[in-house]
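All remarks here apply to the structure that follows.
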Amino acid sequence: MTGDQTSTQTPGDGTPAVPDDAVAAHGGIPAQAGAAPRRPAPGSGRPAAGRTPSAFRSLSRVMIVTFLRDRSALFFVVLFPLMFLLLFGTLFKSATSAHAKVAQVGSVAALDSVKGQARTELEKVLAISREPDEAEALRKVRKGDLDALVEQDGSGTVVLRFSAADQVRAGAVQEIVNSVVQQANQAATGKPPAYTLRSTPVEDQSIKPIQYLTPGLLGWAIATGAVFSAALTLVTWRRKRLLRRLRLAPVSVGAIVASRVGVSILTALVQTAIFVVVASTPAFGLKLTGNWWLTIPMVICGTIAFMSIGLLVGSVAKTEEAANGMAQIIVLPMSFLSGSFFPLDGAPSWLQTVSKVMPLRHLVTATQSVLTRGGGLGDALPTMGGLLLFAAVVTAIAWRFFDWDEA
């Protein structure tokens, strides 16, 4: 096929070839139905300069218009993740630090000696109730009605028995009771301590759950949108033979890839803007740090990384149903194991090790650092480099399975 014949020859399925202004709509239909394709400049095989828009702009415009007209895509890519932010942000808006419930069995001198203002401060973090029966108190701890019980044996040793079901809460109870016992020891000796400790949090005193909910849910939204858009687009285009027509058209592979990547990045940046604006309203109170802008390049790198996963899925899957199922199997477990919905501080060590292999874990952690915890380039650059390296490796694997047409 010569350059002059490219825009007039028909593919094997009898459908007119794509005109020289790239593809105007899904299915390879020209911009104006029934319009004759324009011939390229003689001998060039390409559209005449200045007469038609570039292939990249044409393809990007088509993808954006198609996306905006698809109400289900708009809902699941933009509104559905935002609903999670609104739901979790509302549920945990008034949440504070853990308030542990402890039963005191009998007399415990270390606790009984705390009086006045010190007692008031202690009760802000430790709800102490007296239980006359040790067996009944243990039953409540095992059942989850209480977090721990405290008692004192005949030798004066304070015994703390807690439930390990909630490791974070158990650790907090141990630290609080240990602090009370140490202060009681110092009071009993009658001597002031040789050293004092002053502790201050690195975060703002008014830190709220929205500070870590926003980066986590944003990472999940970006991963979901990038994987599904790349996978389903590739499978749909292949099944409708649009990839075949694009291959026959005077459109470079680079323009096709760049337009798809560009639209996905634009969508991710819009998601980021919506998340930040909504979370920053007085209703939720997200507080941004000075280097919050580093979230933008990180979102771009994350989108490219997760699009590579979608490209691999779309290269292997043969139908939209198969692509959707494979994408779900990858995205959902990765979201739960990457700290998008809840922190993994209390998870088993082996689970945390598995989590660190997943790109979403690094995107969420780094985004949380620069968006709400005062992190800088030192937190963002390694993550961005790792995400791009991940994208290169997975894309190379996907290219091995890629096919322009159905087998």
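Nothing in this text is a laboratory measurement; each read-out follows from the coordinates by a stated rule. The model shown is predicted, which means the values in this text are computed figures rather than measured ones. No Cβ is skipped: glycine too gets one built from the backbone with ideal geometry, and neighbour counts run over all protein chains shown.
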Open item on the list: Give me the one-decimal nm value for the distance between modelled label points at Q352 and A109, 7 Å along each residue's Cα-to-Cβ direction.
Closed with: 3.7 nm
- [ ] Name the long-range amide H neighbours of Q104: under 5 Å, sequence gap of 5 or more, or other chain; modelled H, no Pro or chain starts.
- [x] S129, R130, E131, V150
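What's the exposure ranking of M83, M298, going from fewest to most Cβ atoms within 10 Å? It would help to have the intermediate numbers written out before the result.
Details: M83 12, M298 27.
Going from least to most buried by this count: M83, M298.
Estimate the FRET efficiency between K143 and Q186 by the formula 1/(1 + (r/R0)^6), using the beta-carbon distance for r and 30 Å for R0, to the nearest 0.05. Walk me through the intermediate numbers first.
Numbers: r = 36 Å, r/R0 = 1.19.
Approximately 0.25, to the nearest 0.05.
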Task: Rg and Dmax [Cα atoms of region 222-324; Å; Rg one decimal, Dmax integer] - done: 16.7, 54
TODO: Report, largest value first, the span of the C-alpha coordinates of region 361-405 along each principal axis, in whole Å.
DONE: 48, 15, 14
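Taking 41 Å as R0, compute the FRET efficiency from the Cβ-Cβ separation of V276 and A396 and round it to 0.05.
0.75
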TODO: Counting only C-alpha contacts under 8 Å and six or more residues apart, can you give the relative contact order of region 257-344 as a whole percent?
DONE: 23 percent
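In what sequence do W350, W399, W220, W292 fall when counting other Cβ within 10 Å, fewest first?
Details: W350 8, W399 11, W220 24, W292 17.
Least to most surrounded, the residues fall as W350, W399, W292, W220.
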TODO: Take every DSSP beta bridge with both residues inside region 100-189 and express the antiparallel ones as a percent of the total, to the nearest 5.
DONE: 35 percent
Task: Check: region 100-189 dipole with +1 on Lys, Arg Cβ and -1 on Asp, Glu Cβ, in debye - done: 180 debye
Task: In Hz, Karplus ³J(HN,Hα) per residue of region 278-286 (6.51, -1.76, 1.60; θ = phi - 60°; x = Gly, Pro) - done: 5, 5, 7, 5, x, 5, 10, x, 5
- [ ] Calculate the tail of P(r) for region 295-407: the fraction of all Cα-Cα distances greater than 16 Å, expressed in %.
- [x] 64 percent
Task: Cα-based shape type of region 96-163, given that a ≥ b ≥ c are square roots of the gyration tensor eigenvalues and the cut on a/c is 1.5 - done: oblate
Task: Mean separation of Cα contacts under 8 Å, 6 or more apart, over the residue count of region 100-189: relative contact order % - done: 34 percent
Open item on the list: Using Cβ counts within 10 Å as a stand-in for footprinting exposure, how do K287, K240 rank, fewest first?
Closed with: K240, K287
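Of the listed peptides 106-115, 142-151, what is their order by residue-averaged count of other C-beta atoms within 10 Å, with the highest listed first? Don't jump to the answer; show the numbers that get you there.
Details: 106-115: 14.8, 142-151: 17.5.
For the peptides 106-115, 142-151, the packing ranking is 142-151, 106-115.
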